[in-house]
Amino acid sequence: MHFQKEVKLLKRLMIGNQAIARGAYEAGVTVATAYPGTPSTEIVDNFSKYADVYAEWSPNEKVALEVGFGASLGGARTLVAMKHVGVNVAADPLYTLSYTGVNGGLVLVSADDPGMHSSQNEQDNRGYGKFAKLLVIEPSDSQEALDFTREAFNLSEQFDTPVMLRVTTRLCHSQSLVQEGEKPERALKEYKKNEAKYVMLPGFARLRHIEVEKRMNSLREYVENSPLNRIEWGDRTKGIITSGVSYQYVREIMPEVSVLKLGTVNPLPENLIREFAAQVERLYVIEELEPVIEDQLKAWGIEVTGKSILPRTGEYSPELLEEVLLNVNPPAGYQLEESIPGRPPLLCPGCPHRGVFHVLKRKRLTVTGDIGCYTLGALKPLGAMDSTLCMGASIGTALGMEKARGSEMARKTVAVIGDSTFVHSGITPLIDAVYNQGNTTVMILDNGTTAMTGHQDHPATGKTIKKSETNRLDLEALVKAIGISRVRKVDPLKIGDLEKALNEELAYEGPSVILAVRPCALIDKSVKTPMFIDEDKCKSCKICIKLGCTGVYWVEEEKKARINPDLCQGCGLCAEVCKFDAVVEGGAR
Amino acid sequence: MADKTTNILIVGVGGQGTLLASRVLAQAAVDRGYDVKVSEIHGMAQRGGSVVSQVRYGTRVFSPIIKKGDADVIMAFEKLEAARYLSYLRLGGLMVINTDKIDPLPVMSGEVDYPERLEEKIAGVVPKTVTLDATGIAEKCGTSKAANIVLVGLVGRTLNMPLDSLAEAIRSLVPEKAIETNIKALNEGWNYMDKISINIGME
């Protein structure tokens, strides 16, 4: 018993992302690249803390994968991590990387977001496995995240393929116990020039495609006996095929059923599945989002129930499966007869974006938006955003609206994009606006960080992933070099300056850029005094309330606005908008 | 060691420190030899939104998330959030409410009112309800930010977690300079149980 206790103590709680980083480290990975994106961010962030490894925040996911390809070619085991939509950005190199194969093992982590906790769509990236012809593996808890990641590098080298480790938010951000292993010494693989394998000219690529199909056949054989798949026999009236975190939900509510737990989700082990299917009375596939496994089973002529009873949308949960599979309704529990107001996320007190959206709303402009904290500017009471599609889309969207509706449209349209997002994929559409003679007005909301994902550095912050000083991308010089002659900087909390800049740049014929520069309120370390509302001067107009700041609130009984000194960051925006000078500096905290 | 899994739902507003509270409780459970799973929320919801983290421990835990009507304890950092997640509490479960009131956007902007006397209404339906001014207690310990640890102290005691395990977990999880204040907050929360007249101990 005493011994058991000691063994237990060696296990540590880790979120899935931390376990993936550990698995990569134990596999001897020496290069890791990523662009931050929820729920993937903590993977390379954690990996960068190991000694003697190289890790970087890449400008975007395409670059991350290309650097990863180079590192693999150079003989290093390489980890590349991104959120599901990031794989779309990296899809171009990914599809051909499948043809070249690898030198040092290469694992691409795709962190999907069923339920869209922090994403613009909930695409199922297992589909990439089928189309790009990759081995796709899927762990179901933190221990498996570590073990599968480590094994993925062996498989990548054994089958000469990039491996996709597909995870979901619920795995990335759930902690469970992990037994760490040793990190063996591992030498770089030798680099040998091999143009027939790595130069994808049509003549070479035709031959490589044949190799890819051979590799898929080898992988089909491998998955039949892979230790990543297992059958847990139990009651055979129901048989369930599942993978990832859904496996945990199944085990939670149906400890007695037979389960085929798949660790390899592409290719699928046909014989193993047929063997399992033949021995159970009724077969179910339980998979979040798309019927990837189910469709393949049906194509093989195996009778199975899945999406006919379970949703294709959103995240699964034990209670959902209980309701659908066991006809158990959630217990009534305690209820209140009270309607509970919603609590949507919102911009932080002191956030520099708030000034921008206040002005954009007041001027009733059409605003094409982008991906970041500032997307929250779309929500009430600011509500100043017309579109948000994907990283970098704001500028192209504004140009497109102008081309559809004429240059008059450009005079009342602004594209807003964050600094990190601009570097990610805003540069090329800005070149388009110059090249194709748009009159687009672009506001780069430069808060000096990648805020939404937890304040990662990027090329324009001048700091690396390890927070060491590096060359800083000068956004103003970059924009000028593209051919934007009108570039100006404003403080987004100075409403008058902002409005003047907008008026002039919207009127200007030609593309222009306004850099709205102020550090994110969460990283700005300067100490500021909270504001204070002089109740005698407050005329109850509520303009400060309409800023949607938690630092200001309305007292209905007195018909006055008040400042909450614990939350107020002293940014002074409410004082800027107050027409009666009722908001003053110097509230006591 | 009980066979049944213990489920703790921790709810609050982004920025209130729900993540640290869940990590301390989880670490203390690990130290006692339990299997543990914790589900956290990162990303957009953290920006002042409604956040929930979930701690489950027992002999063997599968799902990282708690079913409706299955939480043994709800630790609410804010009153409205207590009400929002009420249906997750099992019958006979314990509801701990910090009396903080943080207006959500629809209230701030005057669209709807913040429901009145929420803690009383909850106590009216949930027999095991404890309300306390954890923020005020934490402030006396040195910082209002340690309200999360006050709640951990109280809830940890009702779940029979050793005070030492909780203190050890705090030492391993908070920065050096914040340890003393947090240990004070932990003790205050722990001792708060002596002031409670109803029996809230967990079997």
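The values are calculated or read from the model by the stated rules, or taken from the named source; none is laboratory data. What you are looking at is a predicted structure, and each value in this text was computed from that prediction instead of being measured. Here Cβ is always computed from backbone atoms with ideal geometry, including for glycine, and neighbour counts include all displayed protein chains.
Brief remarks on what is shown
- Residue in the stretch A:140-175 that is nearest to the other protein chains (Cβ to nearest Cβ), counting only those that are out of contact with any strand residue (DSSP E or B) (no Cβ under 6 Å at 6 or more places or on another chain) and among the basic types (Lys, Arg): A:170
- Taken over the stretch A:435-458, the criterion of being surrounded by fewer than 20 Cβ atoms within 10 Å (Cβ to Cβ) and away from every other protein chain (no Cβ under 14 Å) is satisfied by A:435, A:436, A:437.
- Subset tally (residues that are over 28 Å from the mean Cα position of the chain (by Cα) and part of a strand (DSSP E or B)) for the stretch A:248-263: 4
- Filter result for the condition that a residue is within 29 Å of the chain's Cα centre (by Cα), more than 12 Å from chain B (Cβ to nearest Cβ), closer than 30 Å to residue A:238 by Cα and at pLDDT 95 or above, over A:314, A:392, A:355, A:369: A:314
- Note on the stretch A:416-460: residues that are part of a loop (DSSP other than H, G, I, E, B) and within 12 Å of residue A:394 (Cα to Cα) total 2.
Residue-wise test of (1) modelled with pLDDT under 95; (2) in the same structural domain as residue A:19 (by TED's automatic domain parsing); (3) touching an Asp or Glu at 6+ places or on another chain (Cβ under 9 Å); (4) part of a helix (DSSP H, G or I).
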site	(1), (2), (3), (4)
A:158	no, yes, no, yes
A:170	no, yes, yes, yes
A:175	no, yes, yes, no
A:206	no, yes, no, yes
A:209	no, yes, no, yes
A:213	no, yes, no, yes
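- Going through (1) touching a strand residue (DSSP E or B) at 6+ places or on another chain (Cβ under 6 Å); (2) free of Cβ contacts under 8 Å to residues at least 60 places away in the same chain one by one, residue A:261 falls short only on (2).
- Selection status of residue A:380, of a type outside the set (Ser, Thr, Tyr), surrounded by fewer than 16 Cβ atoms within 10 Å (Cβ to Cβ) and within 12 Å of chain B (Cβ to nearest Cβ): yes
- Residue count for the stretch A:278-309, restricted to those that are within 36 Å of the chain's Cα centre (by Cα) and part of a helix (DSSP H, G or I): 8
- Checked against (1) surrounded by 17 or more Cβ atoms within 10 Å (Cβ to Cβ); (2) under 23 Å from residue A:148 (Cα atoms); (3) in contact (Cβ under 8 Å) with a residue 60 or more places away in the chain, residue A:253 passes all but a single condition, namely (2).
- Remark: pairs (first residue in the stretch A:190-207, surrounded by 10 or more Cβ atoms within 10 Å (Cβ to Cβ); second residue in a loop (DSSP other than H, G, I, E, B); Cβ separation under 7 Å; 6+ apart in sequence or on different chains) = A:191/A:74; A:191/A:75; A:191/A:103; A:197/A:101.
- Test for residue B:37: is it surrounded by 24 or more Cβ atoms within 10 Å (Cβ to Cβ), free of Cβ contacts under 8 Å to residues at least 40 places away in the same chain and within 8 Å of chain A (Cβ to nearest Cβ): yes
- Qualifying positions in the stretch A:369-400 - of a type in the set (Val, Ile, Thr) and assigned to a loop (DSSP other than H, G, I, E, B): A:371, A:388
- Checked against (1) in contact with a strand residue (DSSP E or B) (Cβ under 7 Å, 6 or more places away or on another chain); (2) under 30 Å from residue A:395 (Cα atoms); (3) crowded, with 22+ Cβ neighbours inside 10 Å, residue A:351 passes all but a single condition, namely (1).
- Answer residue from the stretch A:176-188, given it is among the aliphatic types (A, V, I, L, M) and under 18 Å from residue A:142 (Cβ atoms) and is nearest to the other protein chains (Cβ to nearest Cβ) among those: A:177
- All of A:395, A:431, A:417 fail the test of being surrounded by fewer than 18 Cβ atoms within 10 Å (Cβ to Cβ) and aliphatic (A, V, I, L, M), apart from A:431.
- Against the numbered list (1) of a type outside the set (Phe, Trp, Tyr); (2) in contact with a Gly (Cβ under 6 Å, 6 or more places away or on another chain); (3) crowded, with 20+ Cβ neighbours inside 10 Å, residue A:528 comes up short only at (3).
Residue-by-condition table, conditions (1) surrounded by 15 or more Cβ atoms within 10 Å (Cβ to Cβ); (2) in a loop (DSSP other than H, G, I, E, B):
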residue	(1), (2)
A:522	yes, yes
A:538	yes, yes
A:550	yes, yes
A:561	yes, no
A:568	yes, yes
A:575	yes, no
A:581	no, yes
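- Search result, residues across the stretch A:118-153 that are in a helix (DSSP H, G or I), closer than 9 Å to residue A:164 by Cβ and out of contact with any Gly (no Cβ under 9 Å at 6 or more places or on another chain): A:126, A:128, A:129, A:132
- Helices (runs of 4 or more DSSP H) contained in the stretch B:100-183 and holding at least 1 residues of a type in the set (S, T, N, Q) and within 30 Å of residue A:553 (Cβ to Cβ): B:134-141, B:147-158
- Pick from the stretch B:184-198, criterion in contact (Cβ under 8 Å) with a residue 40 or more places away in the chain and not in a helix (DSSP H, G or I), ranking: nearest to residue B:18 (Cα to Cα): B:196
- Verdict on residue A:239 being surrounded by fewer than 19 Cβ atoms within 10 Å (Cβ to Cβ), outside the structural domain of residue A:127 (by TED's automatic domain parsing) and either modelled with pLDDT under 95 or over 31 Å from the mean Cα position of the chain (by Cα) (or both): no
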